[in-house]
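The values are calculated or read from the model by the stated rules, or taken from the named source; none is laboratory data. For clarity, every value in this text was computed on a predicted model and none was experimentally measured. Cβ atoms come from the backbone with ideal geometry, glycine included; neighbour counts cover every protein chain shown.
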Amino acid sequence: MIWQLALKSAWSRRSGLSFVVLSVAVSAMLVLSVFQLRQDARQSFSQAVSGVDLMVGPRGSASEFLLYTVFQLGRPSRNMQASHLETLENMPGVAWAVPLQLGDRYREAPVWGTSSAFFGVFRVQQQPLVFAKGRAFAKPSADNRSAVFELVLGASVASRYRHHVGDQIVLTHGDGGELAARHEQTPFTVVGVLAPTGGSIDRAVLVSVQGFEAMHVGWGVMPMGLGSGMANVQKDLLADMPVDALTPSSLTAILVGLQDRSRVFQVRRQIENTTTEPLMAVLPGVTLDELWQVLSVAENTLLLVGLVVSLASLMSVAALMLAGLSARRREFAILRAVGLSPAAMMRLVMLETAVVALVGLLVGLLAQQSGLMLASDWLRQTMGVSVRVWSIPTEAWMALGAMLLTAVAIAGIPAWRAYRWSLSDGLSAPQA
Amino acid sequence: MVISLSQLVYAWPGQSPLLRIDALNLEAGQSLFVGGPSGSGKSSLLSLLSGVVLPTAGDCQVLGQSMAALSPVARDRLRADAMGIVFQQFNLLPYLSMMDNVLLPVKVSHRRHAQSCDRHGHPVAQARGLFERLGLDALPPSTPVHQLSVGQQQRVAVARAFMGSPALVIADEPTSALDDDNRDAFLELLLGLANAGSTSVVMVSHDRRLADRFDQQLWLVGPRPLAEKIPS
């Protein structure tokens, strides 16, 4: 009875109430998005490198080292001797070790020099690398010289510069820029394009360490700016050089996978006790998580803003319901005349506010999730945040529940007003 | 006895008494006209009778029950079960159809639902009968009430008041929004229905010309002088 009346009454005022619903929906969207992006951004960040148990580099600041090697942010870290790669490969407990060499760029995109084994072991957010097109570069050998100049593109690089398998690409030396020297003599051929991962690898260009080395043959020996003279020297040098000689002398980092993850601290101690050069071994997930903690102030501020906005919108719900109430005094008087009690008027208003808030929250939830579904590709490619639809964190559900409870509590204000009015008006309410 | 008032005094809180009635008795099936200028306490009397307010002093009995002795919930219940109320205007819920407005009392009160079923088979059948009686049967029952004229709205309100055969129908200036012809026809219908169901009627009006059609008249004069009762 009360339900039917409440629904019919609310439906007759639907145009006004739809704004209340909208206001609740928008704040629910905001709160949900903040909670979910917080969760997903954190996860995307701390799992930007997964599948790698330790990242080894010259001793220094672990966070600086990771920011540079994983995201190519900040100052380049010092390189270390390439000979450590073999040492690490033979270290007990180590399953594999893969080199990483940074420094050059293709336009904006950093070049990662690594080995072909990299594609099998590197993971982003627990997901193995998948090729959208083509294949990994082959391991350069005497029989397969051309593999030296094979190159794989990250998803964003390929889509941004519209490159396809088979394209010829010239990389630039150092940090790039208009005036940077170009590796004109050593063009690479695209052999594969990776599928989007949400990680920094999407914005990277991958070549073999031999290819990385080949670009720099003769560089530093010959004076720069000799133009074609120097170029020819590099060509000649390369032509005479066996592939085996194209091994780098230094590396930016070595990625290590363990046979048994529980022995990670033992292996780390072993690596850091290397006597030839001071090294450090960093647990990427832990260190990235620590870095994220630094951002938690900004994150919490965002959350606070979201909660305050939703509180404000719930207050406006109460205000709108109160404003609409005076138009309903006549309705209350009629219902009182047929024998409904003031308490029933209170329930009527309470019920309506609760239903309006609930509908608003549901609309907000659905709109936010479908928005996320539509935006997920864009978020992954531009922000590197991979969001998952319906992966709403528990705390977001709790926030929604709190919003509903707050709405019902706030509904007490207009409900109490309705109660007082129907007592004082009795059957003689003014026609508003 | 449907209504029995004795030594009744009513005053708004902190004000001098607005209403004094020494004795008033209304038997089942009888009709009472309450007249007097504005501010003489006519509406307050209806609030007392319907149990929305309680007397400041004295006794107000409706259907043998002393209002002051009943809880607020019991008074609401009594109103739902035994009273039909017609206002001056704006009697209907705008979001319900004509039929749904009329069926409200039988939805609120089980007793009126049972009475309607006993006498007419089904509340909808009673509502149809009332519409016919009131000349509303040409309109589809699902008509939204805002499409009705003021006169039609008042007649729908009368149908609602008589729905489920209450013992008492209270009407507060029900004719003031109507023109003369409509007013007479309206009164005819109201009293006719009351007679047919032996329902008591209390009607408040400032229009003295209507008073003769009622069994009893009560003239209220306002705060100071005592109200006088003129037996017919």
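Entry remark, region A:201-218: residues being part of a helix (DSSP H, G or I) and under 7 Å from A:Gly154 (Cβ atoms) number 3 in total.
The rows are residues; the columns are (1) more than 13 Å from chain A (Cβ to nearest Cβ); (2) surrounded by fewer than 16 Cβ atoms within 10 Å (Cβ to Cβ); (3) at pLDDT 90 or above; (4) more than 23 Å from B:Ala127 (Cα to Cα).
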residue	(1), (2), (3), (4)
B:Asn25	yes, yes, yes, yes
B:Gly36	yes, no, no, yes
B:Ser43	no, no, no, yes
B:Leu70	no, no, yes, yes
B:Ser97	no, no, yes, no
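Annotation: of all residues in region B:45-62 being more than 10 Å from chain A (Cβ to nearest Cβ) and among the β-branched types (Val, Ile, Thr), the one that is nearest to the chain's Cα centre (by Cα) is B:Val62.
Which residues, taken from region A:9-29, are away from every other protein chain (no Cβ under 14 Å) and crowded, with 19+ Cβ neighbours inside 10 Å? Those that are away from every other protein chain (no Cβ under 14 Å) and crowded, with 19+ Cβ neighbours inside 10 Å: A:Val20, A:Val21, A:Ser23, A:Val24, A:Ala25, A:Ser27, A:Ala28, A:Met29.
Among the residues of region B:71-100, those identified as in a helix (DSSP H, G or I) and not aliphatic (A, V, I, L, M) are B:Pro72, B:Arg75, B:Asp76, B:Arg77, B:Arg79, B:Asp81, B:Asp100.
When you check A:Glu277 against the structure, is it modelled with pLDDT under 90, farther than 30 Å from B:Pro105 by Cα and either touching a Pro at 6+ places or on another chain (Cβ under 8 Å) or assigned by TED's automatic domain parsing to the domain that holds A:Ser83 (or both), yes or no?
Working: modelled with pLDDT under 90: yes; farther than 30 Å from B:Pro105 by Cα: yes; either touching a Pro at 6+ places or on another chain (Cβ under 8 Å) or assigned by TED's automatic domain parsing to the domain that holds A:Ser83 (or both): yes.
Criteria met by A:Glu277.
Quick one: would you say B:Val150 is exposed (fewer than 15 other Cβ atoms within 10 Å of the Cβ), within 14 Å of chain A (Cβ to nearest Cβ) and either closer than 23 Å to B:Asp184 by Cα or of a type in the set (Lys, Arg) (or both)? It is true that B:Val150 is exposed (fewer than 15 other Cβ atoms within 10 Å of the Cβ), within 14 Å of chain A (Cβ to nearest Cβ) and either closer than 23 Å to B:Asp184 by Cα or of a type in the set (Lys, Arg) (or both). Screening A:Leu374, A:Leu340, A:Leu365, A:Leu358 for residues that are part of a helix (DSSP H, G or I), surrounded by 18 or more Cβ atoms within 10 Å (Cβ to Cβ) and in the same structural domain as A:Arg13 (by TED's automatic domain parsing) leaves exactly one candidate, A:Leu365.
Of the residues making up region B:159-212, those that are basic (Lys, Arg) and modelled with pLDDT under 90 are B:Arg183, B:Arg208, B:Arg209. Would you check if A:Arg269 is among the basic types (Lys, Arg), loosely packed, with under 13 Cβ neighbours inside 10 Å and more than 14 Å from every other protein chain (Cβ to nearest Cβ)? Here the answer is yes, as A:Arg269 does meet what is asked. Residue count for region A:330-366 under the criterion of being free of Cβ contacts under 8 Å to residues at least 60 places away in the same chain and of a type in the set (Val, Ile, Thr): the result is 2. Step by step: first the residues of region B:115-139, then only those that are free of Cβ contacts under 8 Å to residues at least 12 places away in the same chain and in a helix (DSSP H, G or I), then the one that is farthest from the other protein chains (Cβ to nearest Cβ). Which residue is that? Among them, the one singled out is B:Glu132. Evaluation of A:Ala327 against the conditions (1) without any contact (Cβ under 8 Å) to a residue 24 or more places away in the chain; (2) of a type in the set (Gly, Ala, Ser); (3) touching a Lys or Arg at 6+ places or on another chain (Cβ under 9 Å); (4) outside any loop (DSSP other than H, G, I, E, B) shows that the sole unmet condition is (1).
Filtering region B:113-128 to residues that are under 16 Å from B:Ala194 (Cα atoms) and under 20 Å from the mean Cα position of the chain (by Cα) leaves B:Gln115, B:Ser116, B:Gln126, B:Ala127.
Being in a loop (DSSP other than H, G, I, E, B) and either surrounded by 16 or more Cβ atoms within 10 Å (Cβ to Cβ) or within 14 Å of another protein chain (Cβ to nearest Cβ) (or both) is the filter here, so list the residues in region A:282-324 that pass it. Listed by number, the list holds a single entry, A:Leu283.
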